[in-house]
Amino acid sequence: SGLTQSVYGLFKKVVVADNLAVYVDAVYNHPASHNSATALLATYFFAFQIYCDFSGYSDIAIGTAKMLGFDFNDNFQTPYFSSSVTEFWRRWHISLSSWLRDYLYIPLGGNRHGEFNTYRNLMLTMLLGGLWHGASWSFVLWGALNGFYLSMEKLVNYHQWVTRSTLHRIFGAFITFHCICLTWVYFRADSFAKANTVVGKLLHFQGVVPEVQDLNVFLTSLLAVFILLVLDFFVFRKTSFDQFSKALKDWQLALFMAILFLLTVLFGVADGSVFIYFQF
């Protein structure tokens, strides 16, 4: 089980994240040189790149620890199927979001002293979470946007609306994903100016066909994201990796690992970038 989870993490990193990084880096390094459709696709790609980079890192660590006899909880639980930003932060980078909750939000007062103080505490927590990533206006705005989303969801009682029906949840997941993608623009861009350039292209949309420089890498990226979404939706959306591995027979688990390993060898980027989280 531990070995399989580590191989799955490796697949996420070198097949999904590192192939997506080729396209994302080309666009975000020179955003003014690309049309709006390219900027939008690069933003979508970065959302999955950072997810697979972070969760892949976590899976490798958790799987390695498991082989050594230590059990840790999953750190990501299919966050892009969340129907609200509040739910997203319960599923995204759980070790960090739990720390922010326990050591910032609750000590600041949490939701115990009225609505205004609740919104203030949410904003302060996410602003400090942004500054923790780096002393940059981009990270400050990333935190501010997340704090704003969380506050607005509480203000309008969004949870009650989004849980009314399956259709509401689907629509909520669509809106949530795009709200989060907007925050990733400021998280990924090298500077505030480049982030604003990307946002400007998204707001004043020109060019409906995205540019493709390396067709093989592009098609590999699409295939990798498709495999990830299938696994996340049909397998890991309602079950942890531990539960998944225990439900399989040994030969089934071995076959799953072998397929992942083969995909990694065939489509992985051998000289890919270091883990994004290493810079923090």
Quiz item: For the chain, which whole-number percentage of the solvent-accessible area (1.4 Å probe, protein heavy atoms only) is attributable to carbon and sulfur atoms?
Solution: 66
Practice problem: Kindly provide the helix-only [θ] at 222 nm of the chain, computed as the sum of -39,500 (n - 2.57) over DSSP H runs of four or more divided by all residues, to the nearest 500 deg cm²/dmol? | Solution: -22000 deg cm²/dmol
Quiz prompt | At R0 = 22 Å, FRET efficiency that the Cβ-Cβ distance of Ser191 and Val274 yields, to 0.05 | solution = 0.60
Quiz item: Name the trypsin sites (Lys or Arg not before Pro) in the range 118-175 that are in a loop by DSSP and that have at most 10 other C-beta atoms within 10 Å, would you?
Solution: Arg164
Quiz item: Which ³J(HN,Hα) values in Hz, rounded to whole numbers, follow from the phi angles of the range 175-184 under the Karplus curve 6.51 cos²θ - 1.76 cosθ + 1.60, where θ = phi - 60° and Gly and Pro get x?
Solution: 5, 4, 4, 6, 5, 5, 4, 4, 5, 5
Quiz item: How far apart, in nm, are two points set 7 Å out from the Cα along the Cα-to-Cβ line at Phe174 and at Leu229?
Solution: 1.3
Quiz item: Regarding the range 199-245, what whole-number volume in Å³ per residue does the convex hull of its Cα atoms give?
Solution: 133
Quiz item: Which value, in Å², gives the accessible area per residue of the range 96-153 when a 1.4 Å probe is used on the protein heavy atoms?
Solution: 53
Quiz item: What aspartates and glutamates could a cross-link reach from Lys194, if we take a straight Cα to Cα line under 20 Å and drop same-chain neighbours fewer than 8 places away?
Solution: Asp25, Glu211
Practice problem: Using R₀ = 41 Å, calculate the FRET efficiency as 1/(1 + (r/R₀)^6) where r is the Cβ-Cβ separation of Lys154 and Thr64; round to 0.05. | Solution: 0.60
Self-check item: Fully extended contour minus Cα-Cα distance, from Asp71 to Gln213, at 0.36 nm per residue
Solution: 46.8 nm
Exercise. Give the Rg/Rh ratio for the range 76-152, taking Rg as the radius of gyration of the Cα atoms and Rh as the Kirkwood radius, to two decimals.
Key: 0.96
Exercise. Take the Cα pairs of the range 48-88, get the Kirkwood Rh, then feed it into Stokes-Einstein at 4 °C and 1.567 mPa s and tell me D in µm²/s.
Key: 115
Quiz prompt | If the convex hull is drawn through the Cα atoms of the range 30-74, its volume per residue in Å³ | solution = 60
Practice problem: Return the inverse of the average 1/r over all pairs of distinct C-alpha atoms in the range 205-280, which is the Kirkwood hydrodynamic radius, in Å to one decimal. | Solution: 15.5
Quiz item: Using Cα-only point scatterers and the Debye equation, what is log10 of I(q)/I(0) for the range 96-241 at each q in 0.08, 0.11, 0.18, 0.20 Å⁻¹, rounded to two decimals?
Solution: -0.32, -0.61, -1.31, -1.33
Quiz item: Solvent-accessible area per residue for the range 177-280 at a 1.4 Å probe radius, Å²?
Solution: 62
Practice problem: Output the pairs from Lys154/Lys201; Lys13/Lys201; Lys13/Lys66; Lys13/Lys246; Lys12/Lys154 with a Cα-Cα distance over 26 Å in this structure; if there are none, say none. | Solution: Lys154/Lys201; Lys13/Lys201; Lys12/Lys154
Practice problem: Compute the convex hull volume of the Cα atoms of the chain, divide it by the residue count, and report the result per residue in Å³ as a whole number. | Solution: 145
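The values are calculated or read from the model by the stated rules, or taken from the named source; none is laboratory data. Just so it is clear, the model here is predicted, and its values are computed rather than measured. So basically every Cβ, Gly included, is an ideal-geometry build from the backbone, and we count neighbours across all protein chains shown. Ligands, DNA and RNA are stripped out before the accessible areas are found, and what is left, the full protein with its side chains, is counted by its heavy atoms. Shrake-Rupley method; radii C 1.70, N 1.55, O 1.52, S 1.80 Å.
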